[in-house]
Amino acid sequence: MEITWFGHSCFRLSERGFASIVTDPYDDSIGYSVPRLKADIVTASHAAPGHSNIEGVKGARAITTPGEFEIGGVFITGISTARLAEKKKKGEEAKKNTLFLFDFDGLTVAHLGDLDHVPTQSQIEDLGTVTVALVPVGGGGGLNAAQAAEVISLIEPYIVVPMHYKTSDTKLKLDPLSKFLKEMGLGAVKAEESLTVKKGSLPEETHVVVLDYKQG
């Protein structure tokens, strides 16, 4: 399986013989230039300019709600989580975030969307064994560095790819990647162009992979 990052929370997941997936496509209001993307499936964790530009992904079936789906050999599970920070800030009912789990014949990718708190034990258990976790780490509506580290310790994925943090192209007020890496006990990590995941070559302990983002 190949995982490519396009900035913010937008990834493309592809595996030969399976449907291709784009997660949380953004519009141009958040600073990144919008890439031209094609996929069989597009998911949006919640309705926001940085996460739900589903019209920008050509030819894709949109999934924006919790539930269970099977498309092109991929089993997709959407799990609803409230966004507690917004509820506390605005004094209103919390907006929803949908955490998506993608199962490519035993290789599982969990995209946490704008998760902003540590999930319940039952939500963690619902994920099962996670091969790759795509985790927000920069705050600003998603997990901050310390929360991200705690969530990772609970999920125990083989591989973690940080997302939703400050880069030179985003206009959003987010924390830098370095804050998360420090929380994980790491120094600078060399960024990779993409991540290739194979069943037979998974790390024994949770491994953080930093990706460079591709733009249109």
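The set of residues in the stretch 87-113 being surrounded by 14 or more Cβ atoms within 10 Å (Cβ to Cβ), outside any strand (DSSP E or B) and at pLDDT below 95 consists of K87, A94, K95.
With respect to (1) loosely packed, with under 13 Cβ neighbours inside 10 Å; (2) at pLDDT below 95, the lone exception for I124 is condition (1). On the stretch given as the stretch 18-75, residues that are in a loop (DSSP other than H, G, I, E, B) and among the aromatic types (F, W, Y) total 3.
Among residues belonging to the stretch 59-86 that are among the charged types (D, E, K, R) and modelled with pLDDT of 90 or more, point out the one that is farthest from D114 (Cα to Cα). Ranking the qualifying residues of the stretch 59-86, first place goes to E70. Could you list, in sequence order, the residues of the stretch 30-50 that are surrounded by fewer than 23 Cβ atoms within 10 Å (Cβ to Cβ), in contact (Cβ under 8 Å) with a residue 40 or more places away in the chain and not aliphatic (A, V, I, L, M)? Hits for the stretch 30-50 are G31, Y32, S33, P35, R36, H46.
Within the stretch 158-211, which residues are assigned to a strand (DSSP E or B) and either at pLDDT below 95 or among the basic types (K, R) (or both)? Matches in the stretch 158-211: K166 only. Among the candidates A191, A133, A148, the residue that is over 16 Å from the mean Cα position of the chain (by Cα), among the aliphatic types (A, V, I, L, M) and under 27 Å from S20 (Cβ atoms) is uniquely A191. Could you identify the single residue in F69, F11, F18 that is in contact (Cβ under 8 Å) with a residue 40 or more places away in the chain, farther than 21 Å from D212 by Cα and either touching a Phe, Trp or Tyr at 6+ places or on another chain (Cβ under 9 Å) or of a type in the set (D, E, K, R) (or both)? Of F69, F11, F18, the one residue that is in contact (Cβ under 8 Å) with a residue 40 or more places away in the chain, farther than 21 Å from D212 by Cα and either touching a Phe, Trp or Tyr at 6+ places or on another chain (Cβ under 9 Å) or of a type in the set (D, E, K, R) (or both) is F18.
The values are calculated or read from the model by the stated rules, or taken from the named source; none is laboratory data. Predicted model only: the values in this text are computed from it and were never measured. When we count neighbours, we look across all protein chains shown, and the Cβ atoms used for this are built from the backbone with ideal geometry, even at glycine.
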